[in-house]
Amino acid sequence: MSYSLIMSDVVTLEGYKTFTMRWYKIDNITWYDIFDFISKKSGINKENHTVKIDNQYVKYNELNSITPFDFNKFTYYDKLGKSTGCGLLKTGLNLIGDNKIINK
């Protein structure tokens, strides 16, 4: 089974965009992988992005203090309660991050 994580509200140099990250083994993805993906797609340093976990936005420099990425917390389920293999992650922008915003 393949897995997809839709990342919405990603701030890029061209405005807000939505990206989809795909992979094949559920336990292969970490928060660091997600921030790297967002940074690569947006052109903005990973330190300037945030992701919404529960009711709070978490910054890149706070990843050591949170639980590991659990796809099941973000996935959609069908009407029988089975995971669809597709999830949603809302992102934001850390305006107090690194002074160097553009990723080069």
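See the values below:
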item: Choice from N72, N45, N94 with maximal GNM fluctuation in the chain (Cα, 10 Å cutoff); result: N72
item: Length released on extending from D70 to Y16, taking residue separation times 0.36 nm less the Cα-Cα span; result: 16.9 nm
item: Crossing angle, helix 31-42 versus the chain [Cα axis fit, 0-90 degrees, rounded to tens]; result: 60
item: Cα-based equivalent ellipsoid, the stretch 3-93: semi-axes from gyration tensor eigenvalues, Å; result: 22, 15, 12
item: Distance violations [Cα-Cα > 22 Å] among K40/K90; K59/K82; K41/K90; result: K59/K82
item: Theoretical gain in end-to-end length, S2 to L88 [0.36 nm per residue, Cα-Cα removed]; result: 29.5 nm
item: Gained length - N55 relative to K25, 0.36 nm times residue gap less alpha-carbon distance; result: 8.1 nm
item: Centre separation in Å (Cα based) which lies between the stretch 35-78 and the stretch 8-23; result: 12
item: Cβ-Cβ FRET estimate between K40 and Y77, R0 fixed at 22 Å, reported to 0.05; result: 0.15
item: Amide H contacts under 5 Å for N45, placed H, 5+ residues apart; result: I102, N103
item: Qualifying trypsin sites (Lys or Arg not before Pro) for the stretch 12-98 [loop in DSSP, other Cβ within 10 Å: at most 13]; result: K25, K79, K82
item: Relative contact order (percent, whole number), the chain, Cα cutoff 8 Å, 6+ residue spacing; result: 34
item: Fewest-first sequence of Y60, Y77 by Cβ atoms within 10 Å of each Cβ; result: Y77, Y60
item: The stretch 23-63: C-alpha gyration tensor shape, a/c 1.5 cut-off, then a/b vs b/c; result: oblate
item: Share antiparallel - DSSP beta bridges, the chain, percent rounded to 5; result: 80
item: Amide H contacts under 5 Å for G85, placed H, 5+ residues apart; result: Y76
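Read-outs throughout are calculated quantities, based only on the coordinates presented, and are distinct from any laboratory measurement. From a predicted model like this one, the values you see are computed outputs, not experimental measurements. No Cβ is skipped: glycine too gets one built from the backbone with ideal geometry, and neighbour counts run over all protein chains shown.
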